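Each remark here refers to the structure printed beneath this line.
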Amino acid sequence: MSMIRSIVRGTGSALPARIMNNRDFDGVVETSDEWIVQRTGIRNRHIAGEGETTVSLAEAAARRAMEAAGVTVDEIDLIVLATATPNNTFPASSVQVQKRLGMRHGFAFDVQAVCSGFVFALTTADLYIRSGMAKRVLVIGAETFSRILDWEDRSTCVLFGDGAGALVLEASVGAGTAADRGVLVSKLRSDGEHEGKLFVDGGPSTTGTVGKLRMEGREVFKHAVGMITDVIEASFEALSIGPDDIDWFVPHQANRRIIDASAKKLGIAPEKVVITVEDHGNTSAASIPLAIDRAVRDGRIKSGDLVLLEAMGGGFTWGAVLVRW
Ligand code: ACO
């Protein structure tokens, strides 16, 4: 039976100009290139400079995605922006992006699911498209985690970076089968029981301040692989497919060890895994669209490919999406 599908028309991304490598932590915290690479796989991350913000990076990524899609802002109905580091508590960063793009119609809102934000935003956009409320949606993940890091805490400040990525999604009619292009399956989860394992110790309604990121890294690690693989297996089951049927696996880029362990547990071949954590660090909601944009632009992800996205983050929140390009 035919149905509306949300297909990806174009991708874009943006990174701050400044690159900070592991050796640049000399004089900041006591750490080493060897420790960071061995525990996380991270070598470089981009750090926002003066004037570079979540909104400015989101705008740049959105413009590139629209250019790649061959659409103008007049053709966009909705902006869904995933971020945990908005420019302001309000208005939503998506509305500020809307203004910068010169978009005076439609609507825009932010989604907050920390590192899983992009998966939640993409799923939300897909539902708006499939309900008929929007035809073309800009889905953006944008973050400036460098601004909420405790730069004296070596167990967290070496892990994160800044950046933004965006997709243009468009309504298209599919046959309602797994061969359709577009978003095919989404599985979302959260469990607030884990709120104290990865959080920011401030907020408008508690301290009246922004706060800094706090994490029990080992606890997050302990839960990550199981949660990630559960939602992916549920996604595979929903389409009656297995790991060999996917062309690309684009996981949230938090830690190379989590990515490798998840792929191994699921039986996904290493050559199908898109990895950018080495160059970007953990950019939270921006990590998946940044990785997607790289793999699209270097020719790996092509039309017709089945792409698996997955993320897990603060809350905890976690989820997986299968998209046929
Ligand atoms: N440099 C050198 N030593 C360090 C550093 C550092 N940057 N950070 C911590 N250490 C030390 C600790 O002080 C500790 O020393 P001690 O044994 O003398 O007390 C030792 O290294 C081990 O610390 P652990 O925290 O137990 O190290 P672990 O092996 O667990 O690695 C890490 C830490 C990399 C954070 C790991 O737990 C991890 O990857 N967790 C997953 C968290 C994650 O990826 N979060 C991202 C956000 S959530 C998400 O996006 C999924």
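The values are calculated or read from the model by the stated rules, or taken from the named source; none is laboratory data. What you are looking at is a predicted structure, and each value in this text was computed from that prediction instead of being measured. For neighbour counting, all protein chains shown are included, and Cβ atoms are generated from backbone atoms with ideal geometry for every residue, glycine included. Note: accessible area is taken over every heavy atom of the protein model, side chains too, but ligands, DNA and RNA are not part of it. Shrake-Rupley method; radii C 1.70, N 1.55, O 1.52, S 1.80 Å.
I'm told Val296 meets every condition in (1) away from the ligand (no atom under 16 Å from the Cβ); (2) free of Cβ contacts under 8 Å to residues at least 60 places away in the same chain except one. Can you identify the failing condition by its number?
Answer for Val296: the failing condition is (2).
So, in segment 12-43, how many residues would count as being under 18 Å from Asp293 (Cα atoms) and within 16 Å of the ligand (Cβ to nearest atom)? Write out each step before concluding.
Here is the first cut: in segment 12-43, the ones under 18 Å from Asp293 (Cα atoms) are 12-17.
Checking the rest, the ones that are also within 16 Å of the ligand (Cβ to nearest atom) come to none.
Residues meeting the conditions: 0.
Listed here are the residues, each with its yes/no results for (1) within 14 Å of the chain's Cα centre (by Cα); (2) within 16 Å of the ligand (Cβ to nearest atom); (3) over 19 Å from Asp162 (Cβ atoms).
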| residue | (1), (2), (3) |
| --- | --- |
| Asp260 | no, yes, yes |
| Lys272 | no, no, yes |
| His280 | yes, yes, no |
| Ser287 | yes, yes, no |
| Ile301 | no, no, yes |
| Asp305 | no, no, yes |
| Met312 | yes, yes, yes |
| Trp325 | no, no, yes |
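Among what's in segment 92-114 and is open to solvent by 60 Å² or more (accessible area, probe 1.4 Å) and part of a loop (DSSP other than H, G, I, E, B), pick the residue that is farthest from Tyr128 (Cα to Cα).
Step one: list which residues in segment 92-114 are open to solvent by 60 Å² or more (accessible area, probe 1.4 Å), which gives 99-100, 104-105, 107, 112.
Filter once more, keeping what is part of a loop (DSSP other than H, G, I, E, B): 104-105, 112.
Values: Arg104: 19, His105: 16, Gln112: 17 Å.
The qualifying residue farthest from Tyr128 (Cα to Cα) is Arg104.
If we keep just the residues of segment 196-213 that are among the charged types (D, E, K, R) and buried (at least 16 other Cβ atoms within 10 Å of the Cβ), which is farthest from the ligand (Cβ to nearest atom)? Steps first, please.
At the first step, the residues of segment 196-213 found to be among the charged types (D, E, K, R) are 197, 201, 212.
From the residues that got through so far, the ones that are buried (at least 16 other Cβ atoms within 10 Å of the Cβ) too are 197, 212.
Details: Lys197: 9, Lys212: 14 Å.
Of everything passing the filter in segment 196-213, Lys212 is farthest from the ligand (Cβ to nearest atom).
Please go through segment 127-172 and pick out each residue that is under 24 Å from Thr209 (Cβ atoms), open to solvent by less than 10 Å² (accessible area, probe 1.4 Å), within 15 Å of the ligand (Cβ to nearest atom) and not in a helix (DSSP H, G or I).
The answer is Glu143, Leu149, Val158, Phe160, Gly161, Asp162.
Taking Arg9 as meeting all but one of (1) away from the ligand (no atom under 16 Å from the Cβ); (2) free of Cβ contacts under 8 Å to residues at least 60 places away in the same chain; (3) basic (Lys, Arg), write down the number of the exception.
With respect to (1) away from the ligand (no atom under 16 Å from the Cβ); (2) free of Cβ contacts under 8 Å to residues at least 60 places away in the same chain; (3) basic (Lys, Arg), Arg9 is out only on (2).
Identify, please: which residue in segment 260-292 is aliphatic (A, V, I, L, M) and without any contact (Cβ under 8 Å) to a residue 60 or more places away in the chain and is, among those, farthest from Val119 (Cα to Cα)?
Pass one, segment 260-292, residues aliphatic (A, V, I, L, M): 261, 263, 266, 268-269, 273-275, 277, 285-286, 288, 290-292.
Those still in the list that are without any contact (Cβ under 8 Å) to a residue 60 or more places away in the chain too: 261, 263, 266, 268-269, 273-274.
Details: Ala261: 20, Ala263: 18, Leu266: 19, Ile268: 20, Ala269: 22, Val273: 17, Val274: 16 Å.
My answer is Ala269.
Under 6 Å between Cβ atoms, at least 6 apart or on separate chains: pull out the pairs that start in segment 196-212 with a residue that is part of a loop (DSSP other than H, G, I, E, B) and end on any residue that is among the hydroxyl-bearing types (Ser, Thr, Tyr).
So the pair list comes out as Gly202/Thr209; Pro204/Thr89.
Scan segment 22-34 and report the pairs whose first residue is closer than 16 Å to Leu149 by Cα and among the aromatic types (Phe, Trp, Tyr) and whose second residue is part of a loop (DSSP other than H, G, I, E, B) and near the ligand (Cβ under 10 Å from one of its atoms), with Cβ atoms within less than 7 Å and a gap of 6+ or a chain change.
Cβ pairs passing all conditions: Phe25/Thr31; Phe25/Val158.
For segment 180-215, how many residues are closer than 21 Å to Val119 by Cα, among the small types (Gly, Ala, Ser) and more than 19 Å from the chain's Cα centre (by Cα)?
Matching residues across segment 180-215 total 1.
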